[in-house]
1. Taking every alpha carbon pair in the stretch 146-207, what does the distance histogram look like in 5 angstrom bins from 0, in percent?
2. Pulled fully out, how much extra length does the chain show between Leu276 and Tyr179, if you take 0.36 nm times their separation in residues and subtract their Cα-Cα distance?
3. Using C-alpha positions alone, give me the convex hull volume of the stretch 302-348 per residue in cubic angstrom.
4. Within the accessible area of the stretch 237-387, what % is carbon and sulfur when the probe is 1.4 Å and the other protein chains stay in place?
5. About the Cα centre of the stretch 114-195, how large is the charge dipole given +1 on each Lys and Arg Cβ and -1 on each Asp and Glu Cβ? Please answer in debye to the nearest 20.
6. Taking a temperature of 10 °C and a viscosity of 1.306 mPa s, what whole-number D in µm²/s does Stokes-Einstein yield for the stretch 236-320 with Rh from Kirkwood over alpha carbon pairs?
7. Pull out the extension gain between Arg214 and Thr308, defined as 0.36 nm times the separation in residues minus the alpha carbon to alpha carbon distance; nm, one decimal.
8. I'd like the per residue volume of the convex hull spanned by the Cα atoms of the stretch 327-392, given in cubic angstrom.
Amino acid sequence: MRDLNDAIADVEADIGQAQAQLAARGDQCRELIKEQESLHGRVRDDFNALARLQAEAATDAPPVLAQDLLQQSSADLQRRDRKAAALAGELQALLDIEQSLQQRSQEAVAARDAAGGRWQALQDQVDTTLEAEPTYRVLRDDLQLALARADTVERMAASAQSEHDAKAGAYQADPIFMYLHRRSFGSTAYRGWPLVRTVDGWLAGLCGFDRARREYATLVELPPYLQEHAGRARDDVEAARQPVQQARDAALAHAGGDPLRQQLQAAQGALAQALLAEQLHRQTVDAKQAQIDGFRSWTDAEGGALLTALARTLSAKSMDDLYRRVAATASGKDDAVLERIHGNRLRLGEIDGMVAEHTREMAVLKKRLDNLQAARRSYQAAADIERQAYETPSYRAAAPATVAASFFSTTSTSRRTTRSSGGLFDLLLSGSSSSSSRSGSGARSSSSSSSSSSGSSFRSGGGISGGGGFKTGGGF
């Protein structure tokens, strides 16, 4: 029994090793296939780039080189040239329209400036006339005084707010000060028992609460007050501005300013419309230019299809033919692209060989793994038979022919399965056979004696023919 367990353990170790080798080969194949797919994508991109360069240089290439490459695409290239010329004509027409729109905008600017100049001259004349009137000077002085007062109050409010933001945080972070402040210490609203008043007074003297309370009240109350005062000052400015503006409007209307104002507004509207039309047309020009750029870079649908056909034609050519083609062009870009294609193709050939080799090794490993698994099943079946024989009390009373047939059927199957591997079970079977042959005569006499006395081929503790080759509970 121990020998069978050792044989099973050896076979399982061989199975684990074969499985590990098979998994390693599989991982290597997956990595190679991933690299292969990446290289195929690079080769496709490079052939597309080479097709583009060859198509662009087709007009400069000798006819012998371009004839077979473009024999199926020459019509497409000619149609593409006609389309490029049409797009260039459309763009030029749009540029001409844009130039006219720019001229229109410049004329609108000039008209606006002229109307604005006349309006400004009339305003200056009216202001000079009003300056000579005492009533208007009083209104103007009141407005200037209100503006100065509002400016002063607004600067004071901004300064007070800045001081509050800079200093109020220190008071609010002092726990003793905020405790006394919340209890309204030092004011008529303060309430407390005598002992509490004593403690609060001691705390107030400790932190200088009286002075700090006045300063904090100023920081908190002054900004809202000044902001409210600034609002009233702005209202005073608007109140002082209205009579001044009314006096100017009346003087301008009396001097004939309404037609000039209307002319200026019309000129400003015309200028706005001209600038808007120019901006919208500029978007049309940009769209047409983008279409031409895409057409020139072969990124449009028709160009992509043509490049694909040319790339497919180039990929079917030999490397010598490709080198001859790129050598005939003046550009060196196609030479660099062809070198990349050549290097990637060489690497693809190496990968194909490595994948084929790994595939063959995996097939051998798979066959060996199947044989090992079959051997393990045979060993396990033999071990199960012997274990049942050892554990079942009715084994000794079993029919000799049934037990022997089951055992020898199992061992013969195991022997056929593991003959190629030279396993431990073959050695054990050969040792058992030689031992049985050496004790043949004694076994026959013992067998006949045992058969006559007990009617069975097995004896308790005896084995096969009493030779000790197979013992109940003993093993090999």
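The values are calculated or read from the model by the stated rules, or taken from the named source; none is laboratory data. Predicted, not measured: the structure shown is a model, and the values here were computed from it. Methodologically, a virtual Cβ is constructed for each residue, glycine included, from the backbone with ideal geometry; neighbour enumeration extends over all protein chains shown. Quick note on the areas: whole protein, heavy atoms, side chains included, nothing else; ligands and nucleic acids left out. Shrake-Rupley method; radii C 1.70, N 1.55, O 1.52, S 1.80 Å.
1. Calculated P(r), rounded to whole percents: 3, 15, 18, 14, 11, 10, 9, 8, 6, 3, 1, 0.
2. Numbers: separation 97, 0.36 × 97 = 34.92 nm, distance 6.51 nm.
So the chain would gain 28.4 nm between Leu276 and Tyr179.
3. On the way: hull volume 4.0 nm³, N = 47.
It is 86 Å³ per residue.
4. Values: 4740 of 8480 Å².
In the stretch 237-387, the share of accessible area belonging to carbon and sulfur is 56 percent.
5. Numbers: 9 positive and 11 negative charges, 141 e Å.
Once rounded to the nearest 20, the dipole reads 680 debye.
6. On the way: Rh = 19.4 Å.
Estimated diffusion coefficient is 82 µm²/s.
7. Values: separation 94, 0.36 × 94 = 33.84 nm, distance 8.66 nm.
Stretched out fully, the Arg214 to Thr308 stretch lengthens by 25.2 nm.
8. Values: hull volume 4.7 nm³, N = 66.
Dividing the Cα hull volume of the stretch 327-392 by its residue count gives 71 Å³.
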